[in-house]
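Each remark here refers to the structure printed beneath this line.
Every read-out reported here was derived from the displayed coordinates using simple, explicitly stated rules and does not represent laboratory data. On a predicted model such as this, the values are computed, not experimentally measured, just so you know. Because the Cβ atoms are built from the backbone with ideal geometry, glycine has one as well, and the counts that use them run over all protein chains shown.
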Amino acid sequence: MLDLTDVDEVTMSLLAPPARYQGLRRRVVDQFTVLSANRCRLSRSVNWGPLDAVLTEIVPTVDGARVDTSGRLPAEVGVLVPVSTLSKRALVAFDLLGPGGSDAHLMPYGTSVAVQGNLVARLAEAAGVPLGMPARRVVDAISRFRPGRLSGNYPSLLAPAGRPLRLEALAIYLDRGSDLAVPMPRLRRWGERVADTERVLATALAEPFDALSSADTLLLAVGELWRDPDVPDGLDLDAIEAYLDAFAVWIDALVLAGPPAEPVLTTVAEYGRRWEALAAVTIDPYRPFLIKSSEELKTILARGRTVPGHSAPTSGAGPVRRLARWRAPLHPAVLIDIDSGGTGSYHVSIGTDDTSIELDTPVMVDQFGDPVPRTYIEDLQRNREVFAFYTTDARRLPRCRLVVGLSVSADVGRVTAAIGILMLLTVILLTLPVTLSPDAVAVITLPSSFAATLLLTRERSSLAAWVLGPAKSGLLVLLVALAMLAGARAGGWHAPTG
């Protein structure tokens, strides 16, 4: 077997394929299953075409001798294949399968950092702005930083959503998390020096600001630079400042290079938020193959006006409807982030494990919460329990969000609504100044027993409990009000006088 897992030329060709290799990743299938109000399972299948054309261009060495790949390749080749571009978060219940159900091994995070740095260097070379070693160390530091270092260990340092980290918080993090004490005047000077660089990277990625992205907040990467084992010994504050200066100068050169350098800027900015998951697999280079992965994500739920700042719907929205200016005040929804980038086809389906929960037709919005003007969807399937669509159009938005409305099934909804209406009418009746006998009060308060039963009934899942939360809270308020009014009636309120 020919082992190319140490030769990242193949991996980089798959991450950023030249024009002649476009379409090697033929199809991506994502299946989202909302398990509960806290957990969502993502199962992904990636179909790759034969890699013989790429592999024959790679000439590895074995025991110092070059392997001749100009003829027929071996029947089995070990390669590193991109699985997915993941956000920088801890993996939960992650599972990976190679071709035909064979073993596939997720490479360590450090390996991904090295490959990502090599990819950036290759793209920069092609743009005519080579990546020098000092700037390369900062690129690696950006890739290496994980938000959990700060958010998990020092949550008190976090700023409100959408706000930058305070300089004092950065100083505390570098001191506690990286054993790097930086005086405030120097840290302030570093922040001023990289401010323009941060704006360039943010503009290149065109996504909302993220204070925990090491590209949006470059000083977060300083701790990783300090700990980088490949940086020469004797690194001090002056040396770190020189590395930051070299990186800022390199970014300025990329800006001057114009459109050819845009992929470099975008890639560096993205590696501040995400990382490339790479799998070591054994493949037949002349046959298509399939990589499967699954993981559990945090369920993102919203209620009411789920996406602010959008415009009113217009015509031509396609199969996925456009977002109206206001959703129903208490309408619950689950937010699904999808990554459909690439030239191959993309399939996605959304469903739940709870048959009492039904799905509305999703709304597709971009990273900023604005409706996607063109969805480029070619086919879809939808019912009350599953929504799925398919697209092959390369103009589709690489990253977007589906806002999927949730509701309980009709039988549960009708019963809950009927009991709620009866309870409301009962409360209204008890507040009217009419004389009611004790027997009449007992009869009209009968719906309270149904409401109490409904409140005490455990839902099938925490998702159903969350969807029904406002309705049950309303029933509880009516039940308490009914009990108080019945007690007041029994005490003589609204009783006839003299």
At R0 = 45 Å the Cβ-Cβ FRET efficiency linking Asp379 and Asp196, nearest 0.05, sits at 0.50
Would you mind estimating how fast the range 127-272 diffuses translationally, via Stokes-Einstein at 37 °C and 0.692 mPa s with the Kirkwood radius over Cα pairs, in µm²/s?
214 µm²/s
Ordered by residue, what ³J(HN,Hα) values in Hz, to whole numbers, does the range 294-299 give under the Karplus form 6.51 cos²θ - 1.76 cosθ + 1.60, where θ = phi - 60° and Gly and Pro are x?
8, 7, 9, 10, 6, 6
Please turn the phi angles of the range 213-220 into ³J(HN,Hα) values with the Karplus equation 6.51 cos²θ - 1.76 cosθ + 1.60 (θ = phi - 60°), one per residue in order, whole Hz, x for glycine and proline.
7, 6, 8, 6, 10, 5, 5, 5
If you place +1 on the Cβ of every Lys and Arg, -1 on the Cβ of every Asp and Glu, and leave all else neutral, what size is the dipole of the chain about its Cα centre, to the nearest 20 Debye?
2040 debye
Among Ala490, Leu235, Leu380, the residue whose Cα sits farthest towards the positive end of the charge dipole of the chain (+1 at Cβ of Lys and Arg, -1 at Cβ of Asp and Glu, taken about the Cα centre) is Ala490
What ³J(HN,Hα) values, in whole Hz, does the Karplus curve 6.51 cos²θ - 1.76 cosθ + 1.60 give for the range 404-419 when θ = phi - 60°, with x put for Gly and Pro?
9, x, 10, 8, 7, 4, 4, 5, 5, x, 5, 5, 4, 5, 5, 5
With 10 Å bins from zero, work out the P(r) of the chain over every alpha carbon pair and list the percent per bin.
3, 16, 22, 22, 16, 9, 6, 4, 2, 1, 0, 0
Which residues' amide hydrogens lie under 5 Å from the amide hydrogen of Ala211, considering only partners 5 or more residues apart or on another chain, with H built in the peptide plane?
Gly162
Given a cut-off of under 8 Å on Cα pairs at least six residues apart, what relative contact order in percent is computed for the range 127-272?
38 percent
For 135-141, 200-206, 98-104, 400-406, ranked highest to lowest by mean beta-carbon neighbours within 10 Å, the order is 135-141, 400-406, 200-206, 98-104
Of the candidates Thr5, Phe32, Gln22, the farthest towards the positive dipole end of the range 1-53 (Lys/Arg Cβ +1, Asp/Glu Cβ -1, centred on the Cα centre) is Phe32
Can you tell me, using C-alpha contacts under 8 Å and at least 6 residues apart, the relative contact order of the chain as a whole percent?
20 percent
